[in-house]
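Beneath this line is the structure, given in structure tokens, with notes to follow.
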Amino acid sequence: MNGAAPASQAHAALDADGRILTADEPLLELQAGAGGDPHGPIGIPVIAELVRLVQRLRIPISRAIEVAHREHKISMWVQIRPQGEGISLSIVDWLTHPPRSIPSEVASLRSALAGRAVKGWSWQIDSHLRFRHADQDAQALGHEPPRVGETLTAYFQLDVHGGTAMPLLEGVALRATFRGQVASLRADPAVRYRLSGEPLFDEAGSLMGYSGEAVLIEEETTAPPSDAGDAQLLNLFGPDLGRRLDQALRLPLGRIIANASTISSQLEGPLRQDYVDYASDIAAAGRHLLGLVDDLADLQAIERPDFTTAREEVDLADLARRAAGLLNVKAAAKRIRIQTPPVGERAVARAEYRRVLQILVNLIANAVRHSPEDSTIWVRVDEENGRTRAMVADQGGGIEESDHERIFERFERLGLSGEGSGLGLYISRRLARAMDGDIRVESALGQGARFIVDLPAWGEPSA
């Protein structure tokens, strides 16, 4: 092993199989933190992937990457190149960023957990659920503690608690705090713990792992927690979930979509068709997830008790034309025609411009999604008896009358697979009702569907 490198650089030499021959101390420290062997293959996932790429292509690769180490995020420029039969790895511009300050609500959670006065031991895992450390030794625990690099699920057997989904997996999926996860030691199933954990984020909002506590179930206090404490724990991420999802997911998803789109368009040169198809699938999945983030953020907003909308003069005919314009490319791919109100026609309502546009985009997108090829979607507007309406009609398969209300429920998709989160119609109706309006559907199986948005006319006084 070479001597310690400057804090801003590190180097390593790998053999033909990608195993470490020599490496500077900072790299070895990262390798150990990732659970890797100092003389084994690179264990840092993002660097290991680049090493495999260089092994396969036998060309140099240079790239900016970020890795998590303990509570810190490290950004670096990595250069990997073939060298004889092996590989040379150099890291330059190594920058260690301090951990993001703990949000006040997480500090409150820690106080609430500490106030319960139960015995336990602390642990920390990375974003791949690998242990970084545990603060107890075998003598104190009465059994072997987890090893650094060992996965949490290899050390613990997670139990389904009360027949419900597992809190730990739900928490990791939402990047949120979890508690009450019952688990037993795989080495001794008679030893059972209750796990709780808090997510660790870097300053950019990326998940670095979890810091948690394991409490022996037989040592738990039987006194029930206070209602206030429970409410605080259960609602910890409630008001801010939409914002946190937006911060944590929007930027990386945007990068994924942009990079996958670049690959699928072959801007950097020709590729095998299966690679182009993979990239197209990745971009489509990224756009779907980004849409889901938008829907969850909207859902969080509209269900707040203080949610309100603006009251302004909006022209439904103009908004219908704009919404259709946003979806013309998608419709054209299925040879679907969207007929909108002619230029010059007006139907003025009292509502919020961007929210009405959001509703119409959702209704027209649904119509495109469920319409057959070579069909027509009609968007019409009218004014009558102090109300202004927009109607979106398609030639799809239609909806049974018994399902007319069910389709406006959260996450309801009538068993359909494919696109959509099942939130669009629920959110659209909630928005319409917040503007003193409503949405209804007229449909029957085999006869298409008509969705009608009803809003107060501009000249009418607000409710």
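None of the figures in this text is laboratory data; all of them are computed from the coordinates on show. None of the values given here were measured: they were computed from a predicted structure. All Cβ positions, even for glycine, are placed from backbone atoms using ideal geometry, and neighbour counts span all protein chains on display.
Listed values for the range 355-363 are Karplus-derived 3J(HN,Hα) couplings in whole Hz (6.51 cos²θ - 1.76 cosθ + 1.60, θ = phi - 60°), namely 6, 5, 4, 4, 4, 5, 4, 5, 5, and x replaces Gly and Pro.
For the range 363-403, the relative contact order works out to 41 percent when only alpha carbon pairs closer than 8 Å and six or more residues apart are counted.
One Cα centroid belongs to the range 429-443, the other to the range 327-376; the line between them spans 16 Å. For Phe178, nonlocal amide neighbours, meaning residues 5 or more places apart or on other chains whose placed amide H falls under 5 Å from its own, are Gly197. Across the range 174-180, rounded Karplus estimates of 3J(HN,Hα) from the backbone phi angles (6.51 cos²θ - 1.76 cosθ + 1.60, θ = phi - 60°) give 9, 6, 10, 5, 10, 7, x Hz, Gly and Pro being marked x. For the pair Arg81 and Asp438 in one chain, pulling the backbone fully straight at 0.36 nm per residue adds 122.3 nm over the alpha carbon distance.
Across the range 444-452, rounded Karplus estimates of 3J(HN,Hα) from the backbone phi angles (6.51 cos²θ - 1.76 cosθ + 1.60, θ = phi - 60°) give 8, 4, x, 10, x, 9, 10, 9, 10 Hz, Gly and Pro being marked x.
In terms of overall dimensions, the C-alpha atoms belonging to the range 312-456 reach 38, 30, 23 Å along their principal axes, ordered largest to smallest. Packing, as the average of other Cβ atoms within 10 Å across residues, places the peptides 38-47, 58-67 in the order 38-47, 58-67, highest first.
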